[in-house]
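The values are calculated or read from the model by the stated rules, or taken from the named source; none is laboratory data. Every value quoted in this text rests on a predicted model; they were computed, and no experiment measured them. Positions of Cβ are generated from backbone atoms using ideal geometry, with glycine treated the same way; all protein chains shown enter the neighbour counts. For the accessible areas, the whole protein counts, side chains as well, though only heavy atoms, and no ligand, DNA or RNA atoms are used. Shrake-Rupley method; radii C 1.70, N 1.55, O 1.52, S 1.80 Å.
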Amino acid sequence: MLQTTRTIRSVCSLSQNLQNLQINNILKAASLISTSKYIQQTRGKKDDSGNISSLFIPVPVKPNPDDINVGAELTGTLNKADLLKVLNKFYQRKDIKQLLTDNGLDNYLQHQAYVSFRRYCLEAKNLPVDLHVVISDILQGAGHVTDIFPYFLRHAKQTFPHLDCMDDLKKISDLRSPPNWYPQARAITRKIVFHAGPTNSGKTYHALERYISAKSGVYCGPLKLLASEVFNKCNGRGTPCDLVTGEERSYADPSGNPSGHVACTVEMASINVPYEVAVIDEIQMIKDPGRGWAWTRALLGIMAEEIHLCGEAGTIDLIQQLCLTCGEDVEVRKYKRLTELKTEDTALGSLDNVQPGDCIVCFSKNDIYSVSRGIEATGKEVAVIYGGLPPGTKLAQAAKFNDPNNSCKILVATDAIGMGLNLSIRRIIFYSLIKPCVNEKGEKEMDTISVSSALQIAGRAGRYGTQWENGLVTTFKPEDLPTLKNILSQQPEPITQAGLHPTADQIELYAYHLPNSTLSNLMDIFVNLSTVDASLYFMCNIEDFKFLADMIQHVPLPLRARYVFCCAPINKKMPFVCTMFLKFARQYSRNDPITFDWLCRNIGWPLQTPKTIIDLVHLESVFDVLDLYLWFSYRFMDLFGEADLVRDMQKELDLVIQQGVIQITRLLKNSESGYSSGTGATPDDEDYAAHRKKQNYLRGNRKTNLGGGRLTERLLAQGLLTPNMLQELKKEWNRDDDSGDDGDGPKKTRRKRKTK
């Protein structure tokens with residue numbers, strides 16, 4: 001009896017395996033046939049994958065797990081091969097395709113839904129009773145293949161939930177009337193004053209005078225440095241003012257009570273607090289592909305009796321149109337440059353021709369390194385400023401350059417000097433006129449500097465009330481000078497559109513309707529479905545947001561927290577920062593506090609004075625990681641709870657980076673010699689002590705051949721060095737060896753551990 005039972009089970013198992021094999025073969029054959037027909041149908045037509053439908057990811061529909069096959073008991077089992085023939089015959093009918101189109105399924109959705117429906121029918125052990133009976137009737141000649149349509153449409157809507165809520169999605173992403181998003185601002189009568197003029201025209205000065213004299217006010221600037229400058233100026237004039245940036249809160253009142261005045265970065269501006277006066281600086285950045293939405297939000301949403309805008313005259317028409325939609329008038333006050341700005345008739349030609357007060361503007365770090373090294377080779381001291389440096393280092397370099405009693409008289413900088421720093425520059429020298437920029441698709445490309453950027457940078461030459469009141473501007477290469485003269489003779493390009501960006505609330509509503517979509521996918525769908533008044537607005541680039549969303553998609557996070565994480569201001573080109581961002585997200589998802597000790601282990605603290613350019617770049621990345629921690633500390637206070645210690649660490653690191661920037665030529669020299677300190681490595685928790693010992697060992701003096709080894713090849717491959725730079729460094733190294741310079745840097749800085 002037992003043997004008989006085993007035999008029966010074996011036969012049943014074999015039968016089931018054969019049936020599964022048959023189904024799989026049918027599915028493979030059907031898939032090949034269907035795909036072939038689909039390709040033939042769409043060949044010669046516009047690619048459907050490029051439309052909005054391709055953004056909707058099919059949701060798998062699982063068969064009913066019931067053990068009892070009621071349909072089979074009523075009408076008998078279905079032959080899978082016959083079932084496939086019926087399904088194919090159904091899908092090939094033109095009237096069915098038209099019905100599906102009428103129900104919102106284009107060719108792409110029809111094909112995807114059919115593939116899903118066919119697999120569902122062939123793989124399901126038990127079909128729904130109603131569908132089973134209908135198919136059985138068709139096979140027996142008692143029904144028609146079109147009877148399948150209601151069941152197919154039901155399946156299609158389960159596969160693509162957006163078919164039932166497309167109208168709701170379009171309403172959510174209707175962005176044609178942004179002024180209506182801010183009812184509190186619309187409820188008051190606001191006076192709009194536009195202070196228009198070039199750099200060094202006094203436009204911001206007049207706006208700030210009104211701001212400081214008001215009972216309450218908010219200053220919105222594009223950079224932390226500008227907000228800090230207004231914060232210090234306001235408090236220095238006796239008007240209590242607080243500072244609010246993404247990473248910092250400073251109060252004029254030691255007890256922490258908020259003041260009537262606030263200086264903030266534009267993204268941090270409150271639209272719920274009433275003010276007497278608001279100042280929105282650099283209003284032309286409303287066109288910025290990534291950040292323009294913040295200026296739009298501030299302009300339309302701030303609750304202030306007076307709003308003073310400062311920026312380029314090319315923005316006037318757009319601002320007037322935007323204010324017209326709010327029922328507001330704009331008073332325009334135009335300013336002229338206070339001092340003369342003259343374009344020279346000759347280019348610099350050689351670094352030997354630099355003079356005190358000169359600033360050479362470069363558009364890449366490689367050029368920064370090359371130019372600063374070349375100037376120091378002539379015996380002149382150089383100050384260096386570029387965007388990746390911490391604010392303290394930038395200010396220290398600016399102070400050194402501005403100090404009449406300091407031996408440093410030459411500045412090498414990127415366009416980071418265009419705003420945010422008070423500099424006493426006699427002459428601006430454009431090392432190149434080709435600059436990396438972002439096109440409308442969010443892609444980086446090289447192009448000639450825009451009129452607006454050129455005027456902004458050139459205008460930094462000469463400053464009212466300094467030793468260099470009248471400014472000069474020229475180029476390094478003679479062939480660039482005619483182009484520069486042509487650019488500077490033009491007016492800034494008119495700005496015609498203001499940026500917009502999906503809010504967290506809007507994305508949450510999308511997620512409610514499309515619960516199976518990723519955040520990156522939701523953003524894509526939102527942007528593609530959005531309706532924007534193109535005569536006034538554009539959708540800001542969301543590629544950086546999507547990059548972060550994709551990076552942490554596998555990390556389990558609530559949607560609101562995920563959205564906040566993806567708004568973090570990080571440079572996605574810095575791998576170490578991206579790695580730490582991912583670690584922060586993982587810690588948060590586990591509800592584990594990101595402590596000071598955890599942070600120290602993961603960044604390799606304490607860090608030491610950089611010995612090579614690679615070290616310096618890594619320290620800049622570490623500083624950005626600390627900035628990121630502070631940014632999170634104001635949004636997730638419970639888990640990022642040691643901001644004070646991190647801020648102290650950041651100040652110490654700022655000093656270490658300053659030491660590295662001061663010795664930038666020596667860092668290049670060490671890089672060429674093959675010197676490696678191992679600073680760029682990130683230790684695991686278990687290897688922390690070993691990593692520290694390794695760092696200390698590697699920091700010992702070593703004699704190596706200049707220009708040899710893998711590091712040199714790596715720096716050349718990365719574009720940090722060129723063969724010409726290598727030859728120059730060999731000459732400098734030989735000269736230093738003759739003079740007895742051992743190349744030792746400053747003593748390392750050690751952190752004193754704090755105790756609570």
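Below are the figures for this structure:
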{"read-out": "Out of L32, L87, L21, sole residue that is modelled with pLDDT under 80, closer than 27 Å to H132 by Cβ and more than 43 Å from the chain's Cα centre (by Cα)", "value": "L21"}
{"read-out": "Filter result (of a type in the set (A, V, I, L, M) and over 29 Å from the mean Cα position of the chain (by Cα)) within segment 188-227", "value": "I188, I192, V193, A196, A207, L208, I212, A214"}
{"read-out": "Among residues of segment 118-147, those that are among the hydrophobic types (A, V, I, L, M, F, W, C) and either at pLDDT 90 or above or in contact with a Pro (Cβ under 7 Å, 6 or more places away or on another chain) (or both), counted", "value": "1"}
{"read-out": "Residue pairs meeting the criteria (Cβ under 6 Å; at least 6 apart or on separate chains; first among the polar types (S, T, N, Q), in segment 565-588; second open to solvent by less than 50 Å² (accessible area, probe 1.4 Å))", "value": "Q587/I594"}
{"read-out": "Verdict on L484 being in contact (Cβ under 8 Å) with a residue 60 or more places away in the chain, closer than 26 Å to L300 by Cα and surrounded by 17 or more Cβ atoms within 10 Å (Cβ to Cβ)", "value": "no"}
{"read-out": "Candidate set: segment 497-517, residues that are assigned to a helix (DSSP H, G or I) and of a type in the set (S, T, Y); chosen: the one most open to solvent (accessible area, probe 1.4 Å)", "value": "Y512"}
{"read-out": "Selection count, segment 327-341, where residues are within 35 Å of the chain's Cα centre (by Cα), surrounded by 16 or more Cβ atoms within 10 Å (Cβ to Cβ) and more than 9 Å from I192 (Cβ to Cβ)", "value": "2"}
{"read-out": "Filter pass, V230 being crowded, with 16+ Cβ neighbours inside 10 Å, under 31 Å from the mean Cα position of the chain (by Cα) and part of a strand (DSSP E or B)", "value": "no"}
{"read-out": "Residue within segment 187-202 that is in a helix (DSSP H, G or I) and either touching a residue at least 24 places away in the same chain (Cβ under 8 Å) or open to solvent by 60 Å² or more (accessible area, probe 1.4 Å) (or both) present", "value": "no"}
{"read-out": "Identity of the residue in segment 548-573, in a loop (DSSP other than H, G, I, E, B) and among the β-branched types (V, I, T), that ends up farthest from the chain's Cα centre (by Cα)", "value": "V555"}
{"read-out": "T101 of a type in the set (V, I, T) and either assigned to a loop (DSSP other than H, G, I, E, B) or in contact with a His (Cβ under 6 Å, 6 or more places away or on another chain) (or both)", "value": "no"}
{"read-out": "Options K97, K125; residue that is surrounded by fewer than 17 Cβ atoms within 10 Å (Cβ to Cβ), of a type outside the set (G, A, S) and either in contact with a Cys (Cβ under 7 Å, 6 or more places away or on another chain) or closer than 20 Å to N51 by Cβ (or both)", "value": "K97"}
{"read-out": "Residue count, segment 203-216 (criterion: in a helix (DSSP H, G or I), open to solvent by 30 Å² or more (accessible area, probe 1.4 Å), in contact (Cβ under 8 Å) with a residue 60 or more places away in the chain and farther than 14 Å from Q284 by Cβ)", "value": "2"}
{"read-out": "Qualifying strands (runs of 3 or more DSSP E) (wholly inside segment 411-482; at least 2 residues being at pLDDT below 85 and of a type in the set (D, E))", "value": "444-448"}
{"read-out": "Selection count where residues are in contact (Cβ under 8 Å) with a residue 60 or more places away in the chain, buried (at least 18 other Cβ atoms within 10 Å of the Cβ) and closer than 19 Å to C408 by Cα, scope segment 355-381", "value": "13"}
{"read-out": "Flag for T475 being surrounded by 13 or more Cβ atoms within 10 Å (Cβ to Cβ), out of contact with any Asp or Glu (no Cβ under 7 Å at 6 or more places or on another chain) and more than 19 Å from F430 (Cβ to Cβ)", "value": "no"}
{"read-out": "Some residue of segment 585-600 being charged (D, E, K, R) and crowded, with 18+ Cβ neighbours inside 10 Å", "value": "no"}
{"read-out": "Identity of the residue in segment 134-154, crowded, with 16+ Cβ neighbours inside 10 Å and of a type in the set (V, I, T), that ends up nearest to the chain's Cα centre (by Cα)", "value": "I148"}
{"read-out": "Pair list, Cβ < 8 Å and 6+ apart or interchain, from segment 163-182 residues that are under 30 Å from P58 (Cα atoms) and open to solvent by 60 Å² or more (accessible area, probe 1.4 Å) to residues that are assigned to a loop (DSSP other than H, G, I, E, B) and of a type in the set (D, E, K, R)", "value": "R176/D533"}
{"read-out": "Conditions (1) polar (S, T, N, Q); (2) touching a Leu at 6+ places or on another chain (Cβ under 6 Å); (3) touching a residue at least 60 places away in the same chain (Cβ under 8 Å): number failed by T531", "value": "(2)"}
{"read-out": "Breaking point among (1) open to solvent by 60 Å² or more (accessible area, probe 1.4 Å); (2) in contact (Cβ under 8 Å) with a residue 12 or more places away in the chain; (3) not in a helix (DSSP H, G or I), for D352", "value": "(3)"}
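Each row is one residue, and each column tells you yes or no for (1) at pLDDT 95 or above; (2) outside any strand (DSSP E or B); (3) in contact with a Leu (Cβ under 8 Å, 6 or more places away or on another chain); (4) closer than 18 Å to P179 by Cβ.
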{"site": "A252", "(1), (2), (3), (4)": "no, yes, no, no"}
{"site": "G256", "(1), (2), (3), (4)": "no, yes, no, no"}
{"site": "P289", "(1), (2), (3), (4)": "no, yes, no, no"}
{"site": "A298", "(1), (2), (3), (4)": "yes, yes, no, yes"}
{"site": "L318", "(1), (2), (3), (4)": "yes, yes, yes, yes"}
{"site": "L338", "(1), (2), (3), (4)": "no, yes, no, no"}
